[in-house]
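My questions will all concern the structure given below.
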Amino acid sequence: MWVGTDAGLVRFNGREFRAFGEQTAITSILGQGPGAVWVGTRASGVREVRERKWTCPKGLEELREQEITALARGRGDEVWIGASNGLGLFAAG
C-alpha cells in the first residue's frame, strides 16, 4: 500500500511503513501497474516512481513545477490530471 504525506511517499509492506525516495509533499497517487505509481506533488508536478527511481513521465514536462491536485484513470491509457492551473487529459500510452 502507498501513502502520500507532506514529507514524501511511504510504502506499507504489511508490517511496517518505509519512506520511499524523494522528500516532497505528495497530493495524489495513481497505480501504473506492478511496482509503479504516478504521484502528484505539491510543487514538482507529476512523477513516476518505478524501482525506487523518480522520473517525470514523457509528455508531462510542462507540469514539472505545478501543484498537482488529483490523478484519476480515464478510459484505456488515459489519465486525468488536476493541477493548480486547470484540468487536463493525458494519453499515457
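The values are calculated or read from the model by the stated rules, or taken from the named source; none is laboratory data. Fair warning: this is a prediction, and the values are worked out from it, not measured in the lab. Counting neighbours? That spans all protein chains shown, and the Cβs are built from the backbone with ideal geometry, glycine included. Surface areas here come from the heavy atoms of the whole protein model, side chains and all, with no ligands, DNA or RNA. Shrake-Rupley method; radii C 1.70, N 1.55, O 1.52, S 1.80 Å.
Just the number please: accessible area per residue for the chain, 1.4 Å probe, all protein chains included, in Å².
With all protein chains present, the chain gives 61 Å² per residue.
Given +1 on the Cβ of Lys and Arg, -1 on the Cβ of Asp and Glu, and no further charges, what dipole in debye does the chain carry about its Cα centre, rounded to the nearest 20? Mind dumping the intermediate values first?
On the way: 12 positive and 11 negative charges, 69 e Å.
Around 340 debye, computed over the chain.
Now for a separate question. If you roll a 1.4 Å probe over segment 35-86 with all protein chains in place, what percent of the accessible area is carbon or sulfur?
In segment 35-86, the share of accessible area belonging to carbon and sulfur is 44 percent.
What FRET efficiency would be calculated for the residue pair ALA36, LEU87, taking the C-beta separation as r and a Förster radius of 22 Å, to the nearest 0.05?
Here the calculated transfer efficiency is 0.40.
In segment 20-93, which GluC sites (Glu not before Pro) are in a loop and have at most 14 other Cβ atoms within 10 Å, using DSSP for the loop call?
GLU22, GLU51, GLU65
Right, next: May I have the pair-distance distribution P(r) for segment 39-85, computed from all Cα-Cα distances with 5 Å bins from 0 and rounded to whole percent?
In order of increasing distance, the bins hold 6, 22, 30, 27, 13, 2, 0 percent.
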